[in-house]
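Below: the structure, in structure tokens.
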Amino acid sequence: MRHASLMNWGLVRRRCAVVTLLFCLLSFKRIQAQDSTMIIDEKRFTLSEVVVRNNLDYKMLLERIKADTSFYKAFKTLRILGFSSYNNIQMTDKKGKVVASMQSKTRQNHDGKCRTMDVLEETVTGDFYDGSGDYNYTTPELYASLFFTKGTICGETNVVGGQRKGKGGKRGIEKHKEQLKMLFFNPGKKISGIPFIGDKLDLYDESAHKYYQYRLDIEEYKGELCYVFSIMPKDDLGFFKNDRIVVDQMVTWFNMKTMNVMGRNYSLSYKAGVYDFDVSMEVEMVNLGNNIIVPKTLRYKGNWDVIFKKRERAIFTATLFDFKKP
């Protein structure tokens, strides 16, 4: 009996030793994983322990992130290749009930000079289209401008160097649609002409560092090692949070070898007298080879209202596949 008690006591001691060891290892890991703050060009950045340990050229790396055009270029590249797409768009009421929807499968064709599109399948509910067959909502129009082709369009490229990403010569409603598209699908860049918030969108402007915190880390994303760059509002903004913050969160994964954007999650919100919006987006890219990067999956959830337009609540998913390179 005494022998059994000694065995039990020994087991307890061993278990305690294991628990103590695990506690020490976890504590050590937490200590090792502490972030470091760096001041680069009078701007504050937070670097993870793994970034610091690898002795990276932080300034050069952050400059490349700031100057990135690969996210925009990936969407432009869709204009010069063929692909299939599953499209799911749902318009909802304030309780989340679907009031109109469209599900379809489409195929974009590209012959090297021009692109066209075939609608292979389509199911529509509610008042998704108006009596003339046009979209009854603005959100599907924005979606269509990204992923659909109407008629035959020729002479496009995916070149971004030296080009200005802007509204061009568009006016009226077309100008406002282009602004919305830039706001929702190319965040973090200044957009002129949007009342109240145009100068609050540039996350890399010197003044933005008063309101946002920036963190650089390294982690695996979809099986590849990536730099992950996170931008979040500071915690102690008080009144300024409602007045200055448009981007509630933006997390971007950059391929460590090519610095191409491989994924981005972000959310935007703002309330002004004539409009308000609250949208979130997840974008996942795919490398087709030869450094050709395109969107693979895009998920959107948004609630926005513009004066003289009815409020729109929408959820959509685009799934792109079967790419044919140019």
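Some points to look at:
- Too-long pairs where the Cα-Cα distance tops 32 Å, listed order kept, from LYS59/LYS234; LYS94/LYS222; LYS210/LYS296: LYS94/LYS222; LYS210/LYS296
- Looking at region 32-117, the GluC sites (Glu not before Pro) that sit in a DSSP loop and have at most 10 other Cβ atoms within 10 Å of their own Cβ are GLU42.
- Table column - 3J(HN,Hα) (Hz), region 144-152, Karplus curve with 6.51, -1.76, 1.60, x for Gly and Pro: 4, 5, 8, 10, 10, 10, 10, x, 10
- Long-range HN-HN contacts of GLY82 with modeled amide H, under 5 Å: HIS110, LYS324
- What the Cα atoms of region 232-326 give is an Rg and a Dmax of 17.0, 51 Å.
- Think of region 62-324 as a dipole: +1 on every Lys or Arg Cβ, -1 on every Asp or Glu Cβ, centred on the Cα centre; then among PRO187, SER101, TRP253, PRO187 lies furthest on the positive end.
- Loop-located trypsin sites (Lys or Arg not before Pro) in region 90-160 (DSSP state not H, G, I, E or B) with no more than 12 neighbouring Cβ atoms inside 10 Å: LYS94, LYS95, LYS97, LYS113, LYS150.
- The phi-based Karplus calculation (6.51 cos²θ - 1.76 cosθ + 1.60; θ = phi - 60°) puts the 3J(HN,Hα) values of region 282-299 at 10, 10, 10, 9, 9, 9, 7, x, 6, 6, 8, 10, 9, x, 10, 9, 9, 10 Hz, whole numbers, x for Gly and Pro.
- Under 14 Å of direct C-alpha separation, and excluding same-chain neighbours fewer than eight residues apart, LYS324 reaches these aspartates and glutamates: ASP111.
- In straight-distance terms, cross-link reach from LYS189 covers every one of the aspartates and glutamates whose alpha-carbon lies under 19 Å from its own, apart from those fewer than eight places away in the same chain; here that gives GLU63, ASP68, GLU178, ASP199, ASP202, ASP205, GLU206, ASP243, ASP248, ASP276, ASP278, GLU282.
Read-outs throughout are calculated quantities, based only on the coordinates presented, and are distinct from any laboratory measurement. Since the structure is predicted, the reported quantities are computational estimates derived from the model, not experimental observations. Heads up, the Cβs are rebuilt from the backbone with ideal geometry, glycines too, and the neighbour counts pull from every protein chain shown.
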